[in-house]
Amino acid sequence: MPDPSQRLLRHPDFLKLWTGETVSVFGDAITGLAVPIIAATALNVTAFEFGLLNTLGMLPFIVLSLPAGVWVDRLRRRPIMIAADLGRAVAIATIPVAFALNALSIWQLYAVALAVGALTVFFDVAYQSYLPSIVDRDQLVDGNGKLQITESAAQILGPGVAGVLIGVLRAPFAMLLDAASFVWSAAFVGWIRHAEPPLERHDTATDGPKPSMRSEMAEGLRYVTGHPWLRSIAASTGLANLFGNVGNAIFVLYLVRERGMSAAAIGLAFSLGSFGVLLGALVAARLAGILGLGRTLVLASACGGLEWLVIALAPDALVWPAVVVSVFVGGLTGVVWNVNQVSLRQAITPPRMQGRMNASMRFIVWGTIPVGALAGGALGGVIGLHPTIWVGAIGSLVAFLPVTLSPVRALRETPAEAADEGA
């Protein structure tokens, strides 16, 4: 019998999902560099306005994550993903249009950040809940790993290509490629033919009144916070996102204004450093097999805290290689962490709870991102950009504690069966 990796390479529906995501993440790499460059150069925003841009993009993960989880468990997941892709394509395409009309403002960037963030909430919750319905349980780690490989390729090549495209086309017009990538992703997701598991229908006559959205959201939160493995994973990821985004909120602004780095230099540093993402995707499953799942998660979380320390300590003469090392460390440890913890979450959660489990995790771990970004923007304006990097670096060093002090560290491998109920 072929191993799970070989079976996935002959799995037509997984290949369609993989292809669509590959193109989309390449487009995202362009926008991920283009939007900060537009804000920092064309619009000449303040540190607080710059941090607020990232905050607004993440705000929907606080406001919409839990309702999105309920809808994802109530509805088919593939149509949600298609609608989210097409909506993001339209929102992003408004930026080059406004720029061409000389009407682009920071307020439009804020509006696009909110719209794209909201649609991404629904896509991501549906996407993570959809993968277990098209691949077998023993293929989850490999499936998540393959998706991370293409994302890593986008991170390696994307920023360098983005720097060139921004120089040739100008940043707003380069974003047209990202809009097109979302249309491509929607087309391939729409081409998938694998049937989702049937939705559980509520029979009022036998089951009583239909649960309210509030009660279903509460059930998802209780499932995550009541499960010792999920609770510790959420705590460590949330802390890493909180303090990482204190630094990330002003990172590009810091490199441009205080270290004098150009868009091309930043893009090249990000591209070289992103080989860590590729390496992480290649070794994530192997490390878990050698060290055990729990020890791998502890190691990835502990080493990930070093990412911002490298930037904080770098002297002016070594800032460019420091960016490369920082991105490499963050990419390597982040992917090893994500591939293994997401696969664990998917494997131990019953199908009826997948949407709410993923949404509750997103609410907790992504909800700290706008808090960190807002704090980073505010601190950047008050204490300065370099001291703000130090705040993020010191805080990131403690993110490994929750998972290290939990039962997760003793896990040798992913459990074979999903639980019927929460812990």
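The values are calculated or read from the model by the stated rules, or taken from the named source; none is laboratory data. This structure is a prediction, so every number in the text was calculated from the model and none was measured. Reconstructed Cβ throughout: ideal geometry from the backbone, glycine too, with neighbour counts over all protein chains shown.
How many residues are among the small types (Gly, Ala, Ser), buried (at least 24 other Cβ atoms within 10 Å of the Cβ) and modelled with pLDDT of 80 or more if we restrict to the stretch 118-130?
So in the stretch 118-130, the residues among the small types (Gly, Ala, Ser) come out as 118, 126, 129.
Checking which are buried (at least 24 other Cβ atoms within 10 Å of the Cβ) leaves us with 126, 129.
Those left that are additionally modelled with pLDDT of 80 or more: 126.
Within the stretch 118-130, residues that are among the small types (Gly, Ala, Ser), buried (at least 24 other Cβ atoms within 10 Å of the Cβ) and modelled with pLDDT of 80 or more number 1.
If you take the residues of the stretch 13-46 that are under 22 Å from the mean Cα position of the chain (by Cα) and polar (S, T, N, Q), which of them is nearest to Ile166 (Cα to Cα)?
The selected residue is Thr31.
Can you name every residue in the stretch 39-86 that is out of contact with any Ser or Thr (no Cβ under 9 Å at 6 or more places or on another chain) and of a type in the set (Phe, Trp, Tyr)?
Phe48, Phe50, Trp71
Can you tell me which residue is nearest to Met361 (Cα to Cα) among those in the stretch 51-97 that are outside any helix (DSSP H, G or I) and of a type in the set (A, V, I, L, M)?
Start the filter on the stretch 51-97 by keeping residues that are outside any helix (DSSP H, G or I), which leaves 59, 64, 75-76.
Right, trim to of a type in the set (A, V, I, L, M) and you get 59, 64, 75.
Working: Leu59: 15, Leu64: 12, Leu75: 19 Å.
Filtering the stretch 51-97 for residues that are outside any helix (DSSP H, G or I) and of a type in the set (A, V, I, L, M), the one nearest to Met361 (Cα to Cα) comes out as Leu64.
I'd like to check something: does the stretch 201-217 contain any residue that is in a loop (DSSP other than H, G, I, E, B), under 30 Å from Gly69 (Cα atoms) and modelled with pLDDT of 85 or more? Walk me through how you get there before you give the answer.
Pass one, the stretch 201-217, residues in a loop (DSSP other than H, G, I, E, B): 201-203, 208-212.
Then drop every residue that is not under 30 Å from Gly69 (Cα atoms), which leaves 201-203, 208-212.
Subset that is modelled with pLDDT of 85 or more: none.
No, the stretch 201-217 contains no residue that is in a loop (DSSP other than H, G, I, E, B), under 30 Å from Gly69 (Cα atoms) and modelled with pLDDT of 85 or more.
Residues Thr368, Thr404, Thr349: which one is touching a residue at least 24 places away in the same chain (Cβ under 8 Å), farther than 30 Å from Val72 by Cα and out of contact with any Pro (no Cβ under 7 Å at 6 or more places or on another chain)?
Values: Thr368 fails: farther than 30 Å from Val72 by Cα; Thr349 fails: farther than 30 Å from Val72 by Cα.
Thr404 is the lone residue from the list that is touching a residue at least 24 places away in the same chain (Cβ under 8 Å), farther than 30 Å from Val72 by Cα and out of contact with any Pro (no Cβ under 7 Å at 6 or more places or on another chain).
Of everything in the stretch 95-106, what is over 17 Å from Gly27 (Cα atoms) and within 24 Å of the chain's Cα centre (by Cα)? Give them in sequence order. If you could, list the steps in order and put the result at the bottom.
The initial filter retains those residues of the stretch 95-106 that are over 17 Å from Gly27 (Cα atoms), namely 97-106.
Hit for the stretch 95-106 is Ile106, nothing else.
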